[in-house]
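S.K.: I have a structure here, written as structure tokens, and I will follow up with some questions on it.
The values are calculated or read from the model by the stated rules, or taken from the named source; none is laboratory data. Here the structure is a predicted model, which means the values were calculated and not measured. Every residue, glycine among them, receives a Cβ derived from its backbone with ideal geometry; neighbour counts consider all protein chains shown. Calculation scope for accessible area: heavy atoms of the full protein, side chains included, ligands and nucleic acids excluded. Shrake-Rupley method; radii C 1.70, N 1.55, O 1.52, S 1.80 Å.
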Amino acid sequence: PKEATAVQILIGNNPNGTPSVTYAPPISSKITEGLEDGVWYFSARMKNEAGWGKISRFRAQVDTTPPEPFDIAFLDGKETDNPTPAILFEANDALSGIKYYRVKIGDGDFVDFTPNKDVLSSPFVTPRQDPGKKTVIVQAYDRAGNYTTESDEFVIKPLMLPEITGYPKEAESGKPLVIEGRTAYPDGGVIIWLQDE
């Protein structure tokens, strides 16, 4: 305020600290460098003709450390014929906590992923993937904007096609058409298409 004649400030680890560094005339800003990671408290009070005012305090959390390394798990296995496999990962950050993840599969773009707030390790279900080897990159971001990157590979196996093993060379009217074959999937359905003759 214009009527302030002095200001006292303090930056320290005590949440109830009393400002002790006096600036007269008062300053309007202060840059503090070299604070270690952790919780810090900024305290300030101003003086005018009536004396010193009440102390105002602000809690600041310094976090320059990225989240801890983490593992990527493939719930369908590292080789699967499921074109939308589920991937599980859970990072930890002791200072500010994990805010969200960014996930990239193959040549695709990064997508943001925030797990269910009640279940921090909820799985990420991939968009539909073509068969082949894929690289997944996961970045875990803490609330201070630091991040850790992990990656792994998985394989989407192609679906096995049904195989026709026998059929008659000619079909007779009124008689059943018997086509024999096999497929690798139990209870799988097969659609047969007949054309003209």
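S.K.: Once R0 is set to 35 Å, what does the formula 1/(1 + (r/R0)^6) return for the Cβ-Cβ distance between Trp193 and Arg102, expressed as a FRET efficiency to the nearest 0.05?
M.R.: The value I calculate is 0.20.
S.K.: For the chain, what is the accessible area per residue in Å², given a 1.4 Å probe and the full set of protein chains?
M.R.: The answer is 72 Å² per residue.
S.K.: Of the beta bridges DSSP finds with both residues in the chain, what % are antiparallel, to the nearest 5?
M.R.: Close to 95 percent.
S.K.: Bin all alpha-carbon pair distances of region 44-113 at 10 Å intervals from 0 and give each bin's fraction as a whole percent.
M.R.: 14, 28, 20, 13, 10, 8, 5, 1
S.K.: With Rg and the Kirkwood Rh both taken from Cα atoms, where does Rg over Rh land for the chain?
M.R.: 1.40
S.K.: For the chain, set up a Gaussian network in which alpha carbons nearer than 10 Å are linked by springs, and say which option among Asp109, Asp81, Asp152 fluctuates the most.
M.R.: Greatest mean-square fluctuation among the candidates belongs to Asp109.
S.K.: Starting from the eigenvalues of the Cα gyration tensor, five times each then square-rooted, give me the equivalent ellipsoid semi-axes of region 1-106, largest first, whole Å.
M.R.: Ellipsoid semi-axes (Å, largest first): 51, 12, 11.
S.K.: Sticking with this structure for a sec: Out of Leu88, Leu35, Leu177, any idea which swings most in a Gaussian network model of the chain, alpha carbons joined below 10 Å?
M.R.: Leu177
S.K.: Something else: As a test question: what accessible area, to the nearest 10 Å², does Thr148 have when a 1.4 Å probe is rolled over all protein chains in place?
M.R.: About 20 Å², rounded to the nearest 10.
S.K.: Let me ask something else. Which distance in Å, rounded to a whole number, links the C-alpha centroids of region 155-177 and region 60-137?
M.R.: 42
S.K.: Sorting Ser122, Ser43, Ser56, Ser173 by accessible area (1.4 Å probe), largest first, what list results?
M.R.: Details: Ser122 20, Ser43 0, Ser56 65, Ser173 125 Å².
Output order, biggest surface exposure first: Ser173, Ser56, Ser122, Ser43.
S.K.: Let me confirm the definition first: pairs of Lys residues in the chain, 8 or more apart or on different chains, C-alpha distance under 23 Å. How many are there?
M.R.: Within the chain, the lysine pair count is 16.
S.K.: Expressed as a whole percentage, what fraction of the accessible surface of region 70-142 belongs to carbon and sulfur atoms when a 1.4 Å probe is rolled over the protein heavy atoms?
M.R.: Here it works out to 47 percent.
S.K.: So for the pair Glu163, Asn14, with labels modelled 7 Å out along Cα→Cβ, what separation do we get in nm?
M.R.: So the label points at Glu163 and Asn14 sit 8.2 nm apart.
S.K.: Here's a follow-up. Taking 0.36 nm per residue of sequence separation and subtracting the Cα-Cα distance, how much length would be gained by fully extending the chain between Asp152 and Glu79, in nm to one decimal?
M.R.: Working: separation 73, 0.36 × 73 = 26.28 nm, distance 1.23 nm.
Computed gain between Asp152 and Glu79 is 25.1 nm.
S.K.: Summing Lys, Arg as +1 and Asp, Glu as -1, what charge do residues with Cβ under 9 Å from the Cβ of Gly53 carry, Gly53 excluded?
M.R.: Residues close to Gly53 contribute a combined charge of +3.
S.K.: Next up: So how do Arg57, Arg143, Arg102, Arg128 rank on accessible area, 1.4 Å probe, biggest first, that is with the largest at the start?
M.R.: Largest to smallest exposure gives the sequence Arg128, Arg143, Arg57, Arg102.
S.K.: Using a Gaussian network model on the chain with a 10 Å cutoff between Cα atoms, which of Pro168, Pro26, Pro69 fluctuates the most?
M.R.: Result for the chain, Cα springs under 10 Å: Pro168 fluctuates most.
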